[in-house]
Structures are given as C-alpha cells and as structure tokens.
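Only one structure is covered here, and it is reproduced in the block below.
The values are calculated or read from the model by the stated rules, or taken from the named source; none is laboratory data. Since the model is a prediction, treat every value here as computed from it, not as a measurement. Cβ placement follows ideal geometry from the backbone for every residue including glycine, while neighbour counts extend to all protein chains displayed. The accessibility values were calculated without ligands, DNA or RNA, using every heavy atom of the protein model including side chains. Shrake-Rupley method; radii C 1.70, N 1.55, O 1.52, S 1.80 Å.
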Amino acid sequence: MAPTPSKAFPIDAARVRAVVFDLGGVFLEGGPSSVAAFGERIGLPKARWDALRHELFVQGHEWDRLERGETRLEDFATHLRERLAAEGVTISQAQARDFMGSPGDRAAMPVRPQIVAACLALRRRMPTALLTNNIAEWRAAWRKRMDTARLFDLVVDSSEVGTRKPEPAIYRLVEQGLELPGEALLFVDDLGVNLKTARELGWQTLKYERTEDVVAELEALAAAHVERRSVPDAAGDRT
C-alpha cells in the first residue's frame with residue numbers, strides 16, 4: 001500500500017462545529033473521473049478530449065450556467081455534440097446527456113457506504129450539510145438514493161440556489177443555513193478549486209483522495225466531540 005501523503009492543511013478539531021460534504025466524488029463514486037474517461041469511450045484521443053474538457057468545464061460558461069439552473073441539460077448536450085462534431089466525432093443526444101452518467105445511476109456512481117457511516121457518526125455530534133454543484137434534471141434521481149433527512153441538517157444544491165462552487169456566495173448560504181461562521185466549518189470535497197475558496201473564507205478543508213484516509217480523519221474528529229442530546233430528523237433545504 002502506498003504511504004499516506006502528508007496533510008497540507010491539518011484539521012483543528014476543537015474549532016469544528018459542523019461538517020460540510022460534497023456529493024459527487026465524495027459520497028458518490030464517479031463524477032470528474034467519469035468525465036475524464038468520456039473521450040476514450042467515444043473514440044476521441046485523450047489530448048484532444050482534455051483540451052475540449054478544459055474549454056467546456058473551465059474556460060467556458062455553459063456548464064456553469066447549467067449548474068446554476070440557468071439552462072437545461074438538453075442545451076448543454078447539444079453544445080457538446082456540436083463541439084465534438086467539429087473534432088470529427090459524432091455522438092447521439094443520449095450519449096451527450098450521459099457524458100458523466102447521473103448521480104441517480106447506481107452502477108455508474110455507486111454510494112460509498114464508509115462515507116455514509118462516517119457522516120452519520122458525525123451527525124450525532126454536530127450538524128452536517130451537503131453542498132453540491134448539481135443540475136435540476138438529476139435532482140429527483142439522486143435524492144431517491146440519498147437519505148438527506150437522515151444524513152444532513154442542511155442541503156444546498158447549486159441548481160436550486162442559483163450559485164455554484166467555487167463562487168463565494170454558495171458558501172455563504174451554507175454559513176447562513178447552519179448559523180455558523182466559516183471558521184467553525186470543515187469542508188470535504190474532491191476538487192482543490194472548491195476547497196481553495198472555502199479556505200479563503202476561513203473554512204477548514206479535507207480533500208477527498210482515498211476513502212480510508214478521509215474516514216480516518218472524520219472518525220478522529222467525531223471522537224473529539226461529545227454526542228448531541230438530540231438530532232433533527234429532517235434536512236433543511238435552502239433555495
């Protein structure tokens with residue numbers, strides 16, 4: 001087994017009063033890794049797909065708008081097909097819609113039970129929240145798979161609130177919903193760009209790389225706090 005990498009941002013457990021989780025890439029497998037593999041699945045060389053992927057998801061604004069709820073998945077799929085056609089690759093609208101899979105697809109994006117268990121253990125000790133960049137068309141499917149009322153005190157979905165990570169406004173919505181300052185929050189996400197904004201706002205961060213490392217950190221955090229007398233039985237969505 002490879003050695004665990006040194007932590008760039010050690011967690012001060014005494015400061016943490018709530019834990020905020022990402023969905024895809026933390027609770028669910030897949031996400032960015034599925035996007036990265038899409039080019040190979042449709043026969044586009046890796047270097048060309050990497051460049052196009054950067055254009056679509058970093059430089060461009062179509063995906064940003066979709067995650068803010070400003071446009072539709074069908075529109076994004078059409079744009080993706082047009083850009084691929086310009087690269088000499090023809091795909092169907094259904095293939096374009098399924099470039100990542102869906103958070104509702106149990107096979108493509110299975111739930112990580114260890115993360116669920118760690119979240120439940122933490123929720124007995126402090127509030128927990130879900131902060132997800134997501135799209136409206138996927139909402140019903142992933143909510144059927146995730147027992148948000150059991151797992152979280154707060155759910156903030158970018159497609160419902162009109163702002164997305166790493167925009168500071170969505171982090172402020174979490175602070176407001178939990179009624180806690182950023183200095184009291186720990187954020188678990190698999191993307192460094194999302195964690196960077198959190199740190200700039202005073203949050204502590206934990207990057208998801210290996211499940212066993214994240215679970216060990218969360219178990220240590222839970223052990224440092226006493227159980228709450230009562231736990232809310234319903235998630236509060238902020239829209």
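Considering only protein heavy atoms, what per residue accessible area in square angstrom results for the stretch 70-223 with a 1.4 angstrom probe? Write out the running numbers ahead of the final one.
On the way: 6250 Å² over 154 residues.
With the other protein chains kept in place, the stretch 70-223 gives 41 Å² per residue.
Show me the ranking of peptides 162-170, 18-26, 184-192, 220-228 by mean Cβ neighbours inside 10 Å, starting with the highest. It would help to have the intermediate numbers written out before the result.
On the way: 162-170: 17.6, 18-26: 23.2, 184-192: 21.4, 220-228: 13.7.
Final packing ranking: 18-26, 184-192, 162-170, 220-228.
Pop out the ³J(HN,Hα) list for the stretch 35-40 in order, Karplus 6.51 cos²θ - 1.76 cosθ + 1.60 with θ = phi - 60°, rounded to Hz; leave Gly and Pro as x.
Coupling constants for the stretch 35-40: 4, 4, 8, 5, x, 5 Hz.
Taking every DSSP beta bridge with both residues inside the chain, roughly what % is antiparallel (nearest 5)? Walk me through the numbers on the way to the answer.
Numbers: 1 of 19 bridges.
Given both bridge residues lie in the chain, the antiparallel proportion sits at roughly 5 percent.
Ignoring any ligand, DNA or RNA, what whole percent of the accessible area of the chain comes from carbon and sulfur when the probe is 1.4 angstrom?
On the way: 5760 of 11270 Å².
C and S atoms contribute 51 percent here.
Over the chain, with a Gaussian network built from C-alpha contacts below 10 Å, which listed residue (G182, G60, G69) shows the highest mean-square fluctuation?
G60
Through the Karplus equation 6.51 cos²θ - 1.76 cosθ + 1.60, θ set to phi - 60°, convert the phi angles of the stretch 137-144 into ³J(HN,Hα) values in whole Hz; use x for Gly and Pro.
After applying 6.51 cos²θ - 1.76 cosθ + 1.60, I find 5, 9, 4, 4, 5, 6, 5, 5 Hz.
Of all trypsin sites (Lys or Arg not before Pro) in the stretch 1-84, which ones are in loop regions per DSSP and have a Cβ with at most 12 other Cβ atoms within 10 Å?
Here the trypsin sites (Lys or Arg not before Pro) that fit, given the DSSP loop and packing criteria, are K7.
Could you derive backbone 3J(HN,Hα) for the stretch 174-186 from the dihedral phi with the Karplus parameters 6.51, -1.76 and 1.60 (θ = phi - 60°), listing whole Hz in sequence and x where the residue is Gly or Pro?
5, 4, 5, x, 8, 6, 9, x, x, 5, 9, 10, 10
Name the shape class, rounded, prolate or oblate, that the alpha-carbon gyration tensor gives for the stretch 85-192, where a ≥ b ≥ c are the square roots of its eigenvalues, rounded holds for a/c under 1.5, and otherwise prolate holds if a/b is larger than b/c and oblate otherwise. Each step should come with its number before you reach the end.
Numbers: a/c = 2.45, a/b = 1.63, b/c = 1.50.
Prolate shape, in that a/c is at least 1.5 and a/b is the bigger ratio.
Classify the stretch 152-239 as rounded, prolate or oblate from the Cα gyration tensor: take a ≥ b ≥ c as the square roots of its eigenvalues, call it rounded if a/c is under 1.5, otherwise prolate when a/b beats b/c and oblate if not. Please report the intermediate quantities before stating the final value.
Numbers: a/c = 1.72, a/b = 1.13, b/c = 1.52.
It comes out oblate by the Cα gyration axes.
Normalised by the number of residues in the chain, what is the relative contact order in percent for Cα pairs under 8 Å and 6+ residues apart? Intermediate values should be presented prior to the final figure.
Values: 380 pairs, mean separation 66.1, N = 239.
Over the chain, the number comes to 28 percent.
Using a Förster radius of 22 Å, what is the FRET efficiency between D12 and E227 based on their Cβ-Cβ separation? Nearest 0.05, please.
Details: r = 20 Å, r/R0 = 0.93.
For R0 = 22 Å, the calculated efficiency reads 0.60.
Mean separation of Cα pairs under 8 Å and 6+ residues apart, divided by the residue count of the stretch 106-239: what relative contact order is that in percent? Working shown, then result.
Working: 184 pairs, mean separation 43.4, N = 134.
RCO, the stretch 106-239: 32 percent.
Across 10 Å bins from the origin, how do the percents of Cα pairs in the chain run, short distances first?
Pair shares across the bins are 7, 31, 35, 19, 6, 1, 0.
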